[in-house]
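**Student:** Just dropping this structure here.
The values are calculated or read from the model by the stated rules, or taken from the named source; none is laboratory data. Every value quoted in this text rests on a predicted model; they were computed, and no experiment measured them. Neighbour counts are summed over all protein chains in view; Cβ atoms, including those assigned to glycine, are modelled from backbone coordinates with ideal geometry.
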Amino acid sequence: MAELTRVLKTGAPLCVLDIGAASASNMHFFSERGHRIDAQDLLKASTDPALLITNEQGPTALDPKKFLENLAYPNAYFDVALCWNVADYLDESLVKPVIGRLWSVMKPGGVLLAFFHTREAGPDAPFYRYHITASDRLEMEVLDAGSSGGKPGSLKNFTLQRVFNNRHIENLFRDFASIKFFLSRDNVREVLVIR
């Protein structure tokens, strides 16, 4: 987070994309500093029944092409992307298409912040909404079914789908210019990626 803060202090207004669970404090944090922020809760969007398709083998699957309509932004539009821990919880069929689309919508030199669980996190690792409370401080709110502010049960109780090791993360962001890993508390790795 401290590395990202340095980017935000450039003085120029930036375009920020937050793909995690919506946070009013994040919107306030960026807008009061003169930055533009767009928020897309991709995990919640991935539960839309309209995304389900029947493939040749019969079972239903998520349609990645239709899902990417959630990221219908012009190419090279965003300076910063906040992915939080979305990749750990997102359906496997959507992870690589989402990262590929983020590469397209980010400006060259743009910064992407993502969190990844370590192996020690365990299958019952909670899903969090992240609130930026200061330039270098995050508050984590555990989300479960019904805590999204909507009707009870409107938010799927997301479970950890996979744990990426460093090589998997490097492969996921292989088209980006650089990647830095930071070991954090709570069995989480912070990853800062430069487009």
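**Student:** For the range 65-82, does any single residue satisfy the condition of being β-branched (Val, Ile, Thr) and either in contact with a Gly (Cβ under 9 Å, 6 or more places away or on another chain) or within 24 Å of Tyr128 (Cα to Cα) (or both)?
**Tutor:** Residues of the range 65-82 that are β-branched (Val, Ile, Thr), as a first pass: 80.
Subsequent filtering for residues that are either in contact with a Gly (Cβ under 9 Å, 6 or more places away or on another chain) or within 24 Å of Tyr128 (Cα to Cα) (or both) retains 80.
Within the range 65-82 (the criterion being β-branched (Val, Ile, Thr) and either in contact with a Gly (Cβ under 9 Å, 6 or more places away or on another chain) or within 24 Å of Tyr128 (Cα to Cα) (or both)), the answer is yes, since at least one residue qualifies.
**Student:** Please find, among Ala121, Ala145, Ala125, the residue that is at pLDDT below 95 and farther than 24 Å from Ile169 by Cα.
**Tutor:** Values: Ala121 fails: farther than 24 Å from Ile169 by Cα; Ala125 fails: farther than 24 Å from Ile169 by Cα.
Criteria check complete, one pass: Ala145.
**Student:** Additional query: Quick check: anything in the range 68-86 farther than 21 Å from Asp186 by Cβ and without any contact (Cβ under 8 Å) to a residue 24 or more places away in the chain?
**Tutor:** Restricting attention to the range 68-86, the residues satisfying the condition of being farther than 21 Å from Asp186 by Cβ are 68-81.
Filter again for without any contact (Cβ under 8 Å) to a residue 24 or more places away in the chain, leaving 69, 72.
Yes, the conditions are met somewhere in the range 68-86.
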